[in-house]
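To start, the structure under review is shown below, and the notes come after it.
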Amino acid sequence: MIQFSSVHVLYLLEAAKWTIALSLIALIGGATLGLTLALARVSRIKMLRLAATGYIQVIQGTPLLIVLFLSYYGLSIAGYRLDALVAAGLSLTVFCGAFLGEIWRGCIEAVPRTMWEASDCLGLNRMQQYIYVILPQAMRIAIPPTVGFMVEAVKNTSLASVIGFVELARAGQIVNNSTFRPLLVFALVGAIYFAICYPISVASRRLEKRFHAPR
């Protein structure tokens, strides 16, 4: 048995950097995809609405583990071998995009109908309505649920270990296997996760106060 030391702490902190990097990839990619899906869901074009709805229902009904397996092992069978980070980032982007798209669709539809009518009276086209009237109000409504999902996305990165990606949770397992100090190791892992997620929640509360976001 190896004694737990500062080397193990540094190893966990290094793994936390990869957790943060994977979270950023997932959230940036997921936000881009999610906004596209949200706009497609409220589009006047029926085919766009049906395609976006179908995508969201399929992904929301599929466990993230299955998406990870399909991205890493499924694509490799088809001849596309992806690095573990790329496969994990792709999987989380696909997964986060579906959930953010549905969250933001609800926020867009929560904007009062009178706002659409008022912008119509001003002669704004559809794009101008979204940019100047609808999306700014939808963003205020979206702050609480979006931040809640962001915290979940950070914790979901722990599932990337099933395809060989060493992030914080997997690093905790590796350290525990060498030191046999599960209480100490996983308490530290939990503390690092808290240190990553808590500032997001604090920033959310400040944004809610600044923009008077509804709870």
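The values are calculated or read from the model by the stated rules, or taken from the named source; none is laboratory data. What you see is a predicted model; the values in this text were computed from it and never measured. Methodologically, a virtual Cβ is constructed for each residue, glycine included, from the backbone with ideal geometry; neighbour enumeration extends over all protein chains shown. For accessibility, only protein heavy atoms count, side chains too; no ligands or nucleic acids. Shrake-Rupley method; radii C 1.70, N 1.55, O 1.52, S 1.80 Å.
Would you be able to tell me the number of residues in segment 8-25 that are acidic (Asp, Glu) and modelled with pLDDT under 95? Summing the residues that are acidic (Asp, Glu) and modelled with pLDDT under 95 in segment 8-25 gives 0.
Of the listed requirements (1) under 14 Å from Phe4 (Cβ atoms); (2) within 19 Å of the chain's Cα centre (by Cα); (3) among the basic types (Lys, Arg), Lys155 misses just one: (1).
Checked against the criterion of being on the phi < 0 side of the Ramachandran plot, of a type in the set (Ser, Thr, Tyr) and either in contact with a His (Cβ under 8 Å, 6 or more places away or on another chain) or buried (at least 18 other Cβ atoms within 10 Å of the Cβ) (or both), the candidates Ser5, Ser23 yield just one match: Ser23. Answer yes or no: is there a residue in segment 57-66 that is farther than 23 Å from Ala138 by Cβ, without any contact (Cβ under 8 Å) to a residue 24 or more places away in the chain and within 15 Å of the chain's Cα centre (by Cα). Yes, the conditions are met somewhere in segment 57-66. Scanning segment 51-66 for residues that are farther than 23 Å from Leu39 by Cβ and not in a loop (DSSP other than H, G, I, E, B) gives Leu64, Leu65, Ile66.
Pull out all pairs, ordered by first then second residue, where Cβ-Cβ is under 9 Å, the residues are six or more apart or on different chains, the first lies in segment 113-140 and is within 23 Å of Ser204 (Cα to Cα), and the second is of a type in the set (Asp, Glu). The qualifying pairs are Ala138/Glu109; Arg140/Glu208. Of everything in segment 26-56 that is open to solvent by less than 80 Å² (accessible area, probe 1.4 Å) and of a type in the set (S, T, N, Q), the residue that is modelled with the lowest pLDDT is Ser43.
For segment 57-74, taking the residues that are aliphatic (A, V, I, L, M) and under 17 Å from Ala26 (Cβ atoms), the one that is surrounded by the most Cβ atoms within 10 Å (Cβ to Cβ) is identified as Leu68. Residues that are of a type in the set (S, T, N, Q) and either open to solvent by 60 Å² or more (accessible area, probe 1.4 Å) or closer than 27 Å to Val86 by Cα (or both) within segment 165-190 comprise Gln173, Asn176, Asn177, listed in sequence order. Considering Phe211, Phe149, the condition of being of a type outside the set (A, V, I, L, M) and open to solvent by less than 50 Å² (accessible area, probe 1.4 Å) is satisfied by Phe149 alone.
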